[in-house]
Each structure stands twice: as structure tokens, then as C-alpha cells.
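Report on one structure; see the data block that follows.
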Amino acid sequence: QVQLVESGGGLVQPGGSLRLSCAASGSLLRTYVMGWYRQAPGKQRELVATITSGDSTNYADSVKGRFTISRDNAKNTVYLQMNTLKPEDTAVYYCRVARGMLIYWGQGTQVTVSS
């Protein structure tokens, strides 16, 4: 069983930055794909960014050039550095780790971008 604990969300002004962290428990997490998803009110959950065990990354078009995903396998942690935040980035952000049919989600952390 894998448990995920997210942190780093909050209220930030447009143009500001936040760094989300997701600490995972469990073994062999370095073999998992780790990622961030988000869900805004009234919208479906959507992919933000993923990173493979080989450090290949994938980003939603809406965040390319502004967000950076990274992982520290020694700490079983995945990060999301979010820069130049926009009001449309407001959402609950979820950490997800997956390997084959095994998928685990965090509880979510709120990010609000507002002046």
C-alpha cells in the first residue's frame, strides 16, 4: 500500500509562485510514474505533469514553460514548481503514482490564485 501526503498549496497572487510536494510511503517507488493532476470547480480532473522513473517529463500545454515537475527517489518525493501563476490555475492539485494497474492518489491540496 502506498500513501501520499501533499503539501505546499495556498493562496498566491497572479504572477506568483508555489512549490507543491508529495511525499510517498512504500517501496520501489522509484519504479513508479509520478505525477500531478488538478481539478477546478465544475470541471473534470486533468493532467498537469508527469515524470517517469527515467526522469522523462510530460506537461499539459497550459502549463508548459511555467511549471516544472521533479522527483527525489531517495526521499520518495515528487515536486511541482509553479511559476507565473494565473487565476485559471486555481484548483485542487492531486499527486498520483502509478505502475501498471497500481494507481494511488493523494488527498489533494488547494491552490488559489487571486489578487
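The values are calculated or read from the model by the stated rules, or taken from the named source; none is laboratory data. Predicted model only: the values in this text are computed from it and were never measured. With ideal geometry, Cβ positions are generated from the backbone for all residues, glycine too; neighbour counts draw on all protein chains shown. SASA here: full protein model, heavy atoms, side chains in, ligands and nucleic acids out. Shrake-Rupley method; radii C 1.70, N 1.55, O 1.52, S 1.80 Å.
Within the option set V97, V113, being over 15 Å from the mean Cα position of the chain (by Cα), open to solvent by less than 70 Å² (accessible area, probe 1.4 Å) and either at pLDDT 95 or above or under 18 Å from S27 (Cα atoms) (or both) holds for one residue only, V113. For the stretch 11-34, which positions are in a strand (DSSP E or B) and either under 17 Å from A74 (Cα atoms) or open to solvent by 50 Å² or more (accessible area, probe 1.4 Å) (or both)? L11, R19, S21, C22, A23, A24, V33, M34, listed by residue number. Considering (1) buried (at least 20 other Cβ atoms within 10 Å of the Cβ); (2) under 13 Å from the mean Cα position of the chain (by Cα), the lone condition that L85 does not fulfil carries the number (2). Is there a residue in the stretch 33-55 that is over 18 Å from W105 (Cβ atoms) and touching a helix residue (DSSP H, G or I) at 6+ places or on another chain (Cβ under 9 Å)? So far as the stretch 33-55 goes, yes, one or more of its residues are over 18 Å from W105 (Cβ atoms) and touching a helix residue (DSSP H, G or I) at 6+ places or on another chain (Cβ under 9 Å).
Taking residues in the stretch 7-27 that are in contact (Cβ under 8 Å) with a residue 24 or more places away in the chain and on the phi > 0 side of the Ramachandran plot, and partners anywhere that are part of a loop (DSSP other than H, G, I, E, B) and of a type in the set (S, T, Y), the pairs with Cβ atoms closer than 7 Å and at least 6 places apart or on different chains are G15/T84. For the stretch 35-54, which residues satisfy the criterion of being at pLDDT below 95 and touching a Lys or Arg at 6+ places or on another chain (Cβ under 8 Å)? Of everything in the stretch 35-54, just one residue is at pLDDT below 95 and touching a Lys or Arg at 6+ places or on another chain (Cβ under 8 Å), namely S53.
Summed over the stretch 46-67, the residues that are closer than 23 Å to G15 by Cα and either part of a loop (DSSP other than H, G, I, E, B) or open to solvent by 70 Å² or more (accessible area, probe 1.4 Å) (or both) give a count of 9. Which pairs turn up if I take residues in the stretch 73-87 that are in a loop (DSSP other than H, G, I, E, B) and look for partners that are among the charged types (D, E, K, R) and open to solvent by 60 Å² or more (accessible area, probe 1.4 Å) with beta carbon separation below 9 Å, at least 6 apart in sequence or on another chain? Close Cβ pairs (under 9 Å, with a partner that is among the charged types (D, E, K, R) and open to solvent by 60 Å² or more (accessible area, probe 1.4 Å)) amount to N73/R30; A74/R30; N76/R30. Residue count for the stretch 55-76, restricted to those that are at pLDDT below 95 and of a type in the set (S, T, N, Q): 2.
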